[in-house]
Amino acid sequence: MAEIRLEGVTKAFDKVPAVDDVSLEIADGEFMVLLGPSGCGKTTLLRVLAGLEYPEAGRVRIGDHDVTDLPPRKREIAMVFQSYAVFPHLKVFDNIAFGLRMRGVDKPRIRERVERAAGLVELSDFLERYPAQLSGGQRQRVAVARAIVMDPAVLLMDEPLSNLDALLRLTFRAELKKLVNDLSTTTIYVTHDQVEALSLGDRIAVMNKGRIVQVDNPSRVYADPASQFVGAFIGNPPMNFLTAKVRRNGTKATLAIADHTVEVPAEGVPAGGDEVLVGIRAENIQAGVEPFEDAVRASTLVVEPLGSHLLVTASIGQQGLKVVTPADFPAHPNRDLWLRFDLAKLRLFPPGQTGEALAAAS
Amino acid sequence: MSVVDEARRPPEPADTGRPARARPARGSPAARRRRARRLTYAAAVVLSAWVLIPIYLITVTAFTPRRVSYQFPKPLVPTELSGETVSFFARSAGVLPALGRSVMVAVVTLGLSTLLGAPAGYALARYRFRGKEAYRLLILSTRAFPVVILSIPLAVNFITWGIYDTVISVALMHTALALPFTVLITSSIFVSVPRDLEEAAQTLGCTPARAFVRVVLPLALPGLAAASIFTFVLSWNEVFAAVILTLRNRTLPALVLSGLSRSPLPFRFAAAFFLLAPSLIVIFVIRRYLLGLWGRVSR
């Protein structure tokens with residue numbers, strides 16, 4: 001068990017920075033998720049931590065040691081690879097025992113520890129099989145068992161669920177959460193799946209273009225995104241963004257979206273310019289088919305029934321947005337729709353680059 | 001809707017050259033493609049016959065009694081089989097020592113080329129370095145030198161070094177010839193072992209060298225074995241350099257070649273069979289790896 005400190009870590013490939021001056025502190029026993037779109041540098045950052053890549057700049061500390069110059073085997077880490085990287089020429093038992101044997105643990109201890117680790121991931125009946133005789137989910141468990149049997153100070157996981165089918169992923173996600181909770185090992189978990197990140201992480205570090213753009217606990221990352229990028233990347237559907245005209249008067253500011261105005265405290269409005277970007281989650285918009293108080297008129301474009309609720313795509317003026325309504329809501333395409341924003345849940349961002357942020361998230 | 005219909009329709013049977021239900025008009029792209037395919041098949045048949053018929057005749061004649069092997073035209077189906085011809089060949093003067101030398105040359109060649117070539121193959125498979133693609137091509141260019149031209153200056157050197165007419169001299173030459181293939185084949189074998197496995201071993205406490213021995217080597221072994229056999233056969237069959245670099249201590253092919261015009265017909269057939277059989281077996285075993293290799297080079 002150990003805390004981790006990354007200080008100004010930079011790693012470039014062919015002069016293109018994959019990780020750009022990243023600093024991050026992870027507490028002892030914390031489950032930290034690195035979340036971001038593909039190519040954002042999250043896997044590279046994990047590999048720098050593992051010692052599989054050497055950073056051009058910056059230091060990596062695990063516990064009291066500066067491990068930047070140490071090879072992977074001296075870092076007290078264990079890693080679960082996206083491809084599982086289970087050794088095909090070794091039986092499940094020997095796969096799990098591999099690291100202990102390298103460490104020179106004596107035979108009876110190895111058997112005992114392998115059996116306990118295999119029990120934790122429910123592989124006890126498969127120890128004498130070769131990986132080729134296992135399903136994808138079981139191979140994944142071998143990879144996890146092989147890592148936790150080492151009792152590492154830090155557990156690194158690189159998209160461990162992404163090669164499983166949807167149902168298995170859901171089951172295993174919960175199991176993984178319980179397992180890591182019980183072990184209370186410091187864990188870094190890389191994923192591009194925001195649902196995985198929200199469900200697993202104690203904290204989430206959202207990455208984009210080689211940089212960390214927000215580090216927060218899951219509910220804050222969801223409710224209080226630090227930028228349009230985070231708001232658009234996290235959540236399904238992504239956060240809605242509407243351009244609004246601002247008029248400041250004293251402690252209040254008036255936002256005008258099309259011909260609808262709302263009043264908000266002035267200190268929350270980004271300085272400068274007379275436009276802001278209003279971010280609002282789909283579930284924080286109340287919808288009605290008749291006009292009601294403080295509601296803005298919109299028109300319905302698409303109605304998607306999703307079982308537990310409806311996802312309605314609507315437009316206010318020229319601006320599109322998504323709204324979540326109860327499943328029995330009588331929405332119809334091309335009819336009027338009345339929407340009221342939950343003002344407490346409005347988030348304001350400086351204007352511009354919406355398109356870029358949205359494109360990066362998709 | 002039409003998309004659904006498309007999907008429900010039973011899959012088209014693979015084009016086997018049979019006339020399709022609705023035959024496209026002559027000169028249509030489909031017809032042209034079919035004609036091109038027929039030409040390809042015809043060419044393949046001719047080429048295969050070119051190679052296979054001599055192999056067949058050699059094998060059959062090597063195992064018929066001596067008097068039958070003088071017949072002409074040869075019976076296409078053997079009427080009687082015997083080991084007489086082959087054992088006559090094996091008992092001829094110098095054949096067994098030459099056979100021993102051939103084996104030794106091949107073994108030394110195999111050892112040297114693996115020792116030098118496999119690390120190069122590993123580097124090509126795993127590391128990015130400046131001029132990598134150029135290096136890959138350059139390796140093959142050594143084969144652009146005619147063996148004879150390469151051999152004569154080598155013979156001069158070997159004489160001054162005092163290793164002319166020895167097993168070592170031939171083995172050195174064969175190593176030079178085999179190395180390009182060893183490098184490229186082993187590189188394609190190492191590429192097929194996922195890098196993740198090696199890295200996983202390193203995170204589990206292995207030094208890079210130990211990760212190689214414990215993980216990469218066991219997984220590469222079948223391929224490396226195939227590559228070794230390929231090198232073995234290359235050396236086994238090589239004759240020009242062997243003729244130039246040896247005088248009295250000939251390898252089997254060199255011995256056979258130097259006495260070929262004076263040998264009786266059954267002797268030649270038996271010799272041909274001896275030289276042919278190992279390569280055929282090997283090529284059959286490793287054709288999968290060869291395809292991988294050529295696919296990579298032509299890319």
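A few remarks follow.
- Where Rh is the Kirkwood radius over Cα pairs, Rg/Rh for chain A: 1.07
- Per-residue mean of C-beta atoms belonging to partner chains within 10 Å, peptide A:75-81: 3
- Counting Cβ atoms of other protein chains within 10 Å of each Cβ in A:92-102 and taking the mean gives 3.
- Per-bin percent of Cα-Cα distances, the stretch A:240-361 [10 Å]: 13, 44, 32, 11, 1
- Axis angle, to the nearest 10 degrees, between helix A:92-103 and the longest C-alpha principal axis of chain A: 70 degrees.
- Segments A:48-55, A:257-264, B:48-55 sorted - mean Cβ within 10 Å per residue, highest first: A:48-55, A:257-264, B:48-55
- Spin-label pair A:SER162/B:SER87, simplified geometry with 7 Å Cα→Cβ offset, distance in nm: 6.8 nm
- Each Lys and Arg adds +1 at its Cβ and each Asp and Glu adds -1 at its Cβ; summed about the Cα centre, the stretch A:4-233 shows a dipole of about 540 debye.
- Degrees between helix A:136-148 axis and first principal axis of chain A (Cα, 0 to 90, nearest 10): 70 degrees
- Amide H partners (placed H, <5 Å) of A:VAL80, local residues excluded: A:LEU156, A:MET157, A:ASP158
- Table column - 3J(HN,Hα) (Hz), the stretch B:94-101, Karplus curve with 6.51, -1.76, 1.60, x for Gly and Pro: x, 5, 5, x, 5, 4, x, 5
- Sites A:GLU267 and A:GLU25 - FRET efficiency at Förster radius 25 Å, r taken between beta-carbons, to 0.05: 0.30
- Geometric extent, Cα atoms of the stretch A:1-53 - Rg, Dmax (angstrom): 11.4, 35
- Since only A:THR261, B:THR40, A:PRO72 are under comparison, the one whose Cα sits farthest along the positive direction of the charge dipole of the protein assembly as shown, derived from C-beta charges on Lys, Arg, Asp and Glu, is B:THR40.
- Too-long pairs where the Cα-Cα distance tops 18 Å, listed order kept, from A:LYS177/A:LYS345; A:LYS11/A:LYS209; A:LYS209/B:LYS132; A:LYS11/A:LYS42: A:LYS177/A:LYS345; A:LYS209/B:LYS132
- With bins 5 Å wide beginning at 0, the percent of Cα pairs of the stretch B:129-226 falling in each bin runs 2, 11, 15, 14, 14, 14, 11, 9, 6, 3, 1.
- Net charge of Cβ neighbours under 13 Å - reference B:PHE267; Lys, Arg +1; Asp, Glu -1: +3
- Quotient of Cα Rg and 2.2 N^0.38 Å for the stretch A:59-142, N being how many residues it contains: 1.23
- Selection among A:ALA205, A:PHE349, A:ALA314 by position relative to the dipole of chain A gives A:ALA205 as farthest towards the positive end (Cβ unit charges, Cα centre).
- Each Lys and Arg contributes +1 and each Asp and Glu -1, all at the Cβ; summed about the Cα centre of the protein assembly as shown, the dipole is approximately 4160 debye.
- Between the amide H of A:MET207 and those of A:LEU35, A:GLY36, A:VAL213, distances stay under 5 Å, these residues lying 5 or more places away or on another chain, with hydrogens modeled in the peptide plane.
- The protection proxy used here, the mean number of other Cβ atoms lying within 10 Å of each residue, ranks peptides A:143-154, A:199-210 as follows, highest first: A:143-154, A:199-210.
- Choice from B:PHE88, B:PHE230, B:PHE190 showing the highest fluctuation, given a GNM over chain B with Cα pairs closer than 10 Å: B:PHE88
- Taken as Cα centroids, the stretch B:140-186 and the stretch A:1-66 sit 50 Å apart, rounded to the nearest whole angstrom.
- Remark: spin-label model distance A:ARG103-B:ILE168 equals 5.0 nm, labels positioned 7 Å along the Cα→Cβ axis.
- Think of each Lys and Arg Cβ as +1 and each Asp and Glu Cβ as -1; about the Cα centre, that makes the dipole of chain B roughly 1120 debye.
- Expressed in Å, the radius of gyration and Dmax of the Cα atoms of the stretch A:1-123 are 16.7, 50.
- Principal-axis tilt of helix A:166-183 within chain A, Cα atoms, nearest 10 degrees: 70 degrees
- Placing unit charges on each Cβ (+1 for Lys and Arg, -1 for Asp and Glu) gives the stretch A:1-151 a dipole about its Cα centre, and among A:PRO108, A:PHE81, A:ALA143 the Cα reaching farthest toward its positive end belongs to A:PRO108.
- All Cα pairs of the protein assembly as shown, percent lying beyond 34 Å: 65 percent
- Stokes-Einstein diffusion coefficient of the stretch A:128-246, Kirkwood radius over Cα pairs, 4 °C, 1.567 mPa s, in µm²/s: 80 µm²/s
- Cα Rg over Rh - the stretch B:29-92, Kirkwood: 1.31
- Summed side-chain charge close to A:GLY231 - residues other than A:GLY231 whose Cβ falls under 11 Å, Lys, Arg +1, Asp, Glu -1: +1
- Remark: mean inter-chain Cβ contacts per residue of A:148-159 equal 1, using a 10 Å Cβ-Cβ cutoff to other protein chain atoms.
- In plain terms, if you count all Cα to Cα distances in chain B and split them into 5 Å steps from zero, the share in each step is 1, 5, 8, 10, 11, 11, 11, 11, 9, 8, 6, 4, 2, 1, 1, 0, 0 percent.
- The modelled label-to-label distance for the pair A:ASP125/A:ARG111, using points 7 Å beyond Cα in the direction of Cβ, is 2.2 nm.
Any read-out appearing in this document is the output of simple, stated calculations on the displayed coordinates, not a laboratory observation. Since the model is a prediction, treat every value here as computed from it, not as a measurement. With ideal geometry, Cβ positions are generated from the backbone for all residues, glycine too; neighbour counts draw on all protein chains shown.
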